[in-house]
Amino acid sequence: MKDVPHDPRDRGGPRQPLLSVNRLIKHFPVNKGLLGRSKTVVRAVDGVDFDLLKGETLGIVGESGCGKSTTARLLMHLIPPDHGEIVFDGESVGHDLPLPDYRRQVQMVFQDSYASLNPRLTIEDSIAFAPRVHGVPRREALGRAHDLLARVGLEPSRFAGRYPHELSGGQRQRINIARALALEPRLVILDEAVSALDKSVEAQVLNLLLDLKEAFGLTYIFISHDLNVVRFMADRVMVMYLGKVAEIGSAQQVFAQPSHPYSAALLASMPAMDPDARTETAPLYGDPPNPINPPSGCRFHTRCGSVASVCSQVEPALEDAASGQRVACLMRQPGSGHPAAMPALEVA
Amino acid sequence: MNDAAPMIDIRDLTVTFTGGRKPVHAVNGVTLSVQRGEVVALLGESGSGKSVTLRSLLNMHPKHRSRLNGSVIAAGQDVLKLSGRALADYRGRVASMIFQEPLLALDPVYTVGAQIVEAIRRHEKATLAVAQARALALLQKVRIPSPERRLQAFPHEMSGGMRQRAMIALALACNPQILLADEPTTALDATVQIQILLLLRELQRELGLTVILVTHDIGVAVEVADRVAVMYAGRIVETGPVREIIRNPRHPYTQGLLASRAHDAMSGARLDAIPGAPPDLAALPPGCAFAPRCRFSAAACLAEAPGSVAVGPQHSARCLRLAELAAA
Ligand SMILES: Nc1ncnc2c1ncn2[C@@H]1O[C@H](COP(=O)(O)OP(=O)(O)OP(=O)(O)O)[C@@H](O)[C@H]1O
Ligand SMILES: Nc1ncnc2c1ncn2[C@@H]1O[C@H](COP(=O)(O)OP(=O)(O)O)[C@@H](O)[C@H]1O
Ligand code: SF4
Ligand SMILES: [Mg+2]
Ligand SMILES: [Mg+2]
């Protein structure tokens, strides 16, 4: 962790997590059949816990539908959780910390750079919009918008008066980033924010995100399906599978020595970059199961290469593993009954 | 067709779309030949002309809104001259295509089995029973579990990876010699993508297919291709064996793409990004299209579009400063 510049809004000091998420749950009802009324639900997020430290970048990875975006939308309070608590710098959101105060401090950037911008607003008005809603006078808000344009690498005199359709995808994403920063948030959630960009432009935007983080002392949640990009950006990484956390730990550790069989399979599925060391066998077969009716016990047991009979019966909790990560796998839990697990610790 | 002739021979292909306000120069002189049984990856960013080049190989461009020049020969046939029955025979039997989105290739109202059977019987005088047996064998070949049951499934009843397999089965239904794959794994998750790439590699070997695979992901190219052709603004700026392209790239654009990857960058360091963005194809610069972004560009680069220069066995690049850069 690097030193975070002192922020007067900081309450608990550098050791208190910026965000603590406890047992977050969101199930979406699905309409089955014409008569609707069934109790079928998609278990999009099904008990997610994690801490986000001040000044860090937490990467979230996992296959599509595993609940990354739903987690992000829950953290943004764009949708209400069914259950769970979010604690922001020591204050419970919606209780100790009123929602509007929380919302100012947490902003999000989405994948689709075009859909996020109002086509009828010029770039400067788009960036100034949220500050104006929060009572900043027009001149001051526009001045700030011009500063932000310069910061994201777009010369204000050339770009301020343009409309979204007059920009490239990379430029539009810079605008979205500027817009997210306009309220001086402490946390920025980036949900596939570079995924729609061309590779040569993606590198520019990643550099920009690193610069801005340093300049403004930001904390990031960085969601991406591109594991190379997450490895590069993240200090810690959280691997999700079917609405649950499979593993969370330092990015270096998780990438070098994944502790959960799913993380290991996901990493081994990355295409080789060496023509003389191509992938010979696919780590997993088939697609991830449907989150409407997830497998019993460990949700990964239907695809796991280390599955044992206990895995379909007992749901592994997310626990500290010997390797330093937190892992939800019975193999890593002493006394779980998985043959590869260590025997239960003697309690003296 | 003699055996030494390339299976695919594209020469000086240009494709201009004339439907809009300004003509869009999507492909600006592509020359590419592919040997029988060779796998070539067309690598490039969005809008660089990969898909347009590929679609030319099936003569798929709208006649009244596009202008094509140059020649495209595939399995001895002059593709741009084909029409009607001959074109229909060529598509599917000589060359067939798979896409990023299987729902574009599969018809939602027919079962997978019915579509494969129909494709076979459209091209051949096979009895229903024979065609059905072949459809089953095809699903087995692409490793769809419980293939008998899957023949009766509608596309929307299958998961993403299974649909991709079904589309590959459909593309192979009439034993084509050439398989054209346009980002076949881009929409798939990592664990499914690698399965499909390995399947394509295996089918290519087993059937001796000649393959052109379009991708924007260098890793995908490395997994399946023998040779890589890097496209920029409608031209192939560098082509060579995959090892050469990865280890010894010669065009500044290829070098820039490889250097800017997060893949082996130090976490927290800054990436060596290429500045700027790809050019507007309705207003291409006169010289090298990469010149405005190139850190090595000189006055000559802005004046004259570079020709292709051999830089090694099977390895060539289009850059005016190759010699100087190699010496530096
Ligand atoms: N039918 C068409 N009419 C007009 N312009 C077209 C047509 N098809 C393609 N183009 C244009 O031609 C250029 C090259 O397109 P192409 O589809 O080959 O890109 P690509 O390299 O496959 O990119 P991507 O990675 O985004 O698929 C683009 O500018 C595109 O907008
Ligand atoms: N508004 C919604 N209504 C019903 N299902 C939803 C809704 N939003 C997301 N889902 C479902 O929840 C699951 C998790 O989705 P999401 O969080 O978007 O995944 P990810 O971002 O990891 O790809 C998926 O199965 C998705 O289809
Ligand atoms: S709990 Fe069992 S099935 Fe789940 S990941 Fe661990 S070994 Fe595999
Ligand atoms: Mg998502
Ligand atoms: Mg394309």
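Remarks
- Residue in the range A:176-192 that is farthest from ligand 1 (Cβ to nearest atom), counting only those that are charged (D, E, K, R) and touching a Ser or Thr at 6+ places or on another chain (Cβ under 9 Å): A:ARG186
- Unique match (being farther than 19 Å from A:SER20 by Cβ and either within 16 Å of ligand 5 (Cβ to nearest atom) or not assigned by TED's automatic domain parsing to the domain that holds A:ARG299 (or both)) among A:ASP125, A:ASP101: A:ASP125
- Residue match in the range A:255-273 (condition: farther than 27 Å from A:ARG236 by Cβ and either surrounded by 13 or more Cβ atoms within 10 Å (Cβ to Cβ) or more than 10 Å from ligand 3 (Cβ to nearest atom) (or both)): no
- From B:THR191, B:THR185, residue being in a helix (DSSP H, G or I) and of a type in the set (Ser, Thr, Tyr): B:THR191
- Among the residues making up the range B:216-244, those that are in contact (Cβ under 8 Å) with a residue 60 or more places away in the chain, assigned to a helix (DSSP H, G or I) and within 9 Å of chain A (Cβ to nearest Cβ) are B:ILE218, B:VAL220, B:ALA221, B:VAL224, B:VAL242.
- Of all residues making up the range A:57-81, the number that are more than 9 Å from ligand 4 (Cβ to nearest atom), within 14 Å of chain B (Cβ to nearest Cβ) and surrounded by fewer than 20 Cβ atoms within 10 Å (Cβ to Cβ): 0
- Flag for A:GLY243 being away from ligand 2 (no atom under 16 Å from the Cβ), surrounded by 20 or more Cβ atoms within 10 Å (Cβ to Cβ), under 20 Å from A:PHE50 (Cβ atoms) and modelled with pLDDT of 95 or more: no
Yes/no matrix, rows are residues, columns are (1) within 16 Å of ligand 3 (Cβ to nearest atom); (2) out of contact with any helix residue (DSSP H, G or I) (no Cβ under 9 Å at 6 or more places or on another chain); (3) over 18 Å from A:LEU181 (Cα atoms):
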residue	(1), (2), (3)
A:THR71	no, yes, yes
A:LEU74	no, yes, yes
A:PRO80	no, no, yes
A:GLU85	no, yes, yes
A:GLN105	no, yes, no
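- In the set B:VAL30, B:VAL39, B:VAL34, only one residue is within 22 Å of B:ALA310 (Cβ to Cβ), within 16 Å of the chain's Cα centre (by Cα) and within 14 Å of chain A (Cβ to nearest Cβ); that residue is B:VAL39.
- Number of residues in the range A:244-274 that are in contact (Cβ under 8 Å) with a residue 40 or more places away in the chain, at the interface with chain B (Cβ under 9 Å from one of its Cβ atoms) and part of a loop (DSSP other than H, G, I, E, B): the value is 1.
- Test: A:ALA308 is surrounded by 15 or more Cβ atoms within 10 Å (Cβ to Cβ), under 23 Å from A:ASN228 (Cα atoms) and either free of Cβ contacts under 8 Å to residues at least 24 places away in the same chain or over 22 Å from the mean Cα position of the chain (by Cα) (or both): no
Yes or no, residue by residue, for (1) modelled with pLDDT under 95; (2) farther than 12 Å from B:ASN69 by Cα:
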site	(1), (2)
B:MET7	no, yes
B:ARG11	no, no
B:THR14	no, no
B:GLY20	yes, yes
B:VAL27	no, no
B:ALA41	no, yes
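- Only one entry in A:ALA277, A:ALA340 is free of Cβ contacts under 8 Å to residues at least 40 places away in the same chain, within 14 Å of another protein chain (Cβ to nearest Cβ), part of a loop (DSSP other than H, G, I, E, B) and away from ligand 4 (no atom under 16 Å from the Cβ), namely A:ALA277.
- Note on the range A:41-69: residues that are within 16 Å of ligand 3 (Cβ to nearest atom) and part of a loop (DSSP other than H, G, I, E, B) total 3.
- Picking from residues in the range A:8-31 that are over 17 Å from A:GLY67 (Cβ atoms) and without any contact (Cβ under 8 Å) to a residue 60 or more places away in the chain, the one that is farthest from ligand 1 (Cβ to nearest atom) is A:GLY13.
- Which numbered condition B:LEU54 misses (of (1) in contact (Cβ under 8 Å) with a residue 40 or more places away in the chain; (2) out of contact with any helix residue (DSSP H, G or I) (no Cβ under 7 Å at 6 or more places or on another chain); (3) part of a loop (DSSP other than H, G, I, E, B)): (3)
- Residues located in the range A:86-138, provided they are more than 23 Å from the chain's Cα centre (by Cα), free of Cβ contacts under 8 Å to residues at least 40 places away in the same chain and part of a helix (DSSP H, G or I): A:GLU124, A:ASP125, A:ARG132, A:VAL133, A:ARG138
- From the list A:ALA193, A:ALA141, A:ALA145, A:ALA178, the lone residue that is under 20 Å from the mean Cα position of the chain (by Cα) and assigned to a helix (DSSP H, G or I) is A:ALA178.
- Residue match in the range B:119-134 (condition: crowded, with 16+ Cβ neighbours inside 10 Å, under 23 Å from the mean Cα position of the chain (by Cα) and not assigned by TED's automatic domain parsing to the domain that holds B:ALA221): yes
- Residue in the range B:113-127 that is within 16 Å of ligand 5 (Cβ to nearest atom) and either within 14 Å of chain A (Cβ to nearest Cβ) or touching a residue at least 12 places away in the same chain (Cβ under 8 Å) (or both) present: no
- Test for B:GLY92: is it at pLDDT 95 or above, surrounded by 14 or more Cβ atoms within 10 Å (Cβ to Cβ), away from ligand 2 (no atom under 16 Å from the Cβ) and in a helix (DSSP H, G or I): no
- Matching residues, the range B:57-98, being closer than 18 Å to B:CYS174 by Cα and within 16 Å of ligand 5 (Cβ to nearest atom): B:LEU57, B:LEU58, B:MET97, B:ILE98
- Qualifying residue in the range A:154-174 (condition: away from chain B (no Cβ under 14 Å), touching a strand residue (DSSP E or B) at 6+ places or on another chain (Cβ under 7 Å), part of a helix (DSSP H, G or I) and within 18 Å of A:ASN118 (Cβ to Cβ)): no
- Residues (polar (S, T, N, Q), within 12 Å of another protein chain (Cβ to nearest Cβ) and either within 16 Å of ligand 2 (Cβ to nearest atom) or not in a loop (DSSP other than H, G, I, E, B) (or both)) located in the range A:280-329: A:ASN290
The values are calculated or read from the model by the stated rules, or taken from the named source; none is laboratory data. Quantities reported herein were computed from a predicted structural model and do not represent experimental measurements. Note that we place each Cβ from the backbone using ideal geometry, even for glycine, and neighbour counts take in every protein chain shown.
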